[in-house]
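Have a look at the structure below before the remarks.
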Amino acid sequence: MIYFVYGLVFFVLGFAIILQTRQSSRLDFARSLRWLAAFGIAHAFHEWGDLFIPIQEEYLSSEIVRILYVLHLILLAISYVFLFEFGLALLYTGKRGRWFHWLTAILFIGWLFAMLITIPPAISDERLWRYPANALARYFIGFPGGLLAAYALRHHTLLRIKPLNVPKIVLTLQVAGIALGIYALLGGLIPPPVDFFPGNILNRETFTEFTGIPPLVFRSLTGLVIAVALIRALEIFDVVTERRIEELEQHQIITAERERLARELHDGAIQKVYTAGLLVESASRLADSKGEIGARLDKSVIVLNDAIVDLRRNLSELHAGSPTTTESLLTLLGQMAENPHYTSMVNITLETNLLRSKTISPIRSSHVFAIVNESLANTVRHAQAKNVEIRAQDLGAQLQIEIKDDGVGIPPEPQASYGLRNMRDRARLLNGNLQFMNNKGTTVTLTIPWVDQ
């Protein structure tokens, strides 16, 4: 019964995380949790093997039973490999994380070699080969994997989640991290009884004698805490993320509408009123200044000038929604690459050869910032991407910024949204060129001159 309940807890952990992460697939954190889900399911089947194999011993040959026990041990080691990978996925994302995955492969191959060569399964006494292999899997893969997962969850929470100002989620994830650390101790340091240290002193039999409760009970409780905490955190996180994405979309629409109204005021209404003022002013010069018509024309000029002042004030208020910035372009790009509202959902890397001494005007910098910001917002909302690369290059007389993601790409004929129109309009104001390409994701390339032309 204990083995069944223990396996069931971890199966529920894995299955529930899979269901929840399907709804939270935008989150970089949720994608990493799939490794933890794989650990839960694999570990559950390993524990159920302790029920299934002894029952089948009466009906199967000793050789088949021995093979089942070998597969049973391999499943234990693989489950710990998944736990190790979960920690690596949280700590190292993108290209730099690929090299660290070799570490788990080396640990697994080393354990497999020890089990098949150093501890040959031809030995009849299971305590001489199964128990040592089980202990080595826990010591060399399970224990460091559990500690790494606990540390990585805490590190990711403080670095990526805490800046979002969501204290309930931070607290819940910290509880899950503590539970993972406790599981690393209970699952990694309490093996079956073996003849070598520390398993000859601390093992499941001595632990049960000391506490009166099998370690599986404590492991089940920690697994339950991990499952409840992570699922609860994902539920809250999903609500917060959807709300912020909706706010981001509304902000982009409002900003684009402000820009459109500002351009129409500047290029349309103000110019027409200014032209009408010139016409009325020229007509007043032809009229008798002392007559009734001349006096009314002079008043009309004053009214038209006041209207131009009011329109310019309204134009300034519209531009106040998108203020210019005094920060350097390099600083702005760095801030966007570290913005927790984006980094909680995608991994962003910044590559640049720009010098801080080479700058563009604040107005042009604001336009560039808005284009890159809109591109990142589109990636978060629509691309289902895991990684985004921002590359800023100095091409001599031109500045080129490339935003590339590994998502689903853009459709052949994308709908003309406020955001895309706003990006193209800003690129035209910069006398630049904006291109959208599909190449294993979406690549947005902005090329502009360093100076106004």
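Bear in mind that the values in this text are calculations on the coordinates, not laboratory data. From a predicted model like this one, the values you see are computed outputs, not experimental measurements. Using ideal geometry, Cβ is built from the backbone for each residue, glycine included, and neighbour counts are taken over all protein chains shown.
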Notebook entry, point to check: Pulled fully out, how much extra length does the chain show between LEU51 and LEU103, if you take 0.36 nm times their separation in residues and subtract their Cα-Cα distance?
Noted result: 15.5 nm
Notebook entry, point to check: Full extension from SER282 to GLU257: what is 0.36 nm times the residue separation minus their Cα-Cα distance, to one decimal in nm?
Noted result: 5.4 nm
Margin query: Given a Förster distance of 51 Å, report the FRET efficiency between PHE196 and GLN384 from their Cβ-Cβ distance, rounded to the nearest 0.05.
Written below: 0.55
Next item on the list: Measure off 7 Å from each Cα along the Cα-to-Cβ vector at THR275 and SER61, then give the distance between these two points in nanometres to one decimal.
Entry: 9.8
Note to self: Could you check the spin-label model distance between THR208 and THR349? Points 7 Å from the Cα along Cα→Cβ, value in nm.
What the structure shows: 5.0
Note to self: Based on alpha-carbon centroids, what's the gap between region 205-232 and region 148-178 in Å, whole number please?
What the structure shows: 22
Check: What distance in nm separates the simple spin-label points at ILE302 and ASN339, each placed 7 Å from Cα in the Cβ direction?
Finding: 4.9
Notebook entry, point to check: Quick one: Cα centre-to-centre distance for region 279-302 and region 60-87, in angstrom?
Noted result: 98
Note to self: Calculate the FRET efficiency for ASN314 and ARG421 from the Cβ-Cβ distance with a Förster distance of 30 Å, rounded to the nearest 0.05.
What the structure shows: 0.90
Notebook entry, point to check: Can you list the residues, at least 5 places off or on another chain, whose amide H is less than 5 Å from the amide H of ASN387, using H built in the peptide plane?
Noted result: ASN347, ASP406
Checklist line | Farthest positive-ward along region 322-415 dipole, Cα basis, beta-carbon charges - from SER375, GLN335, SER357 | finding: SER357
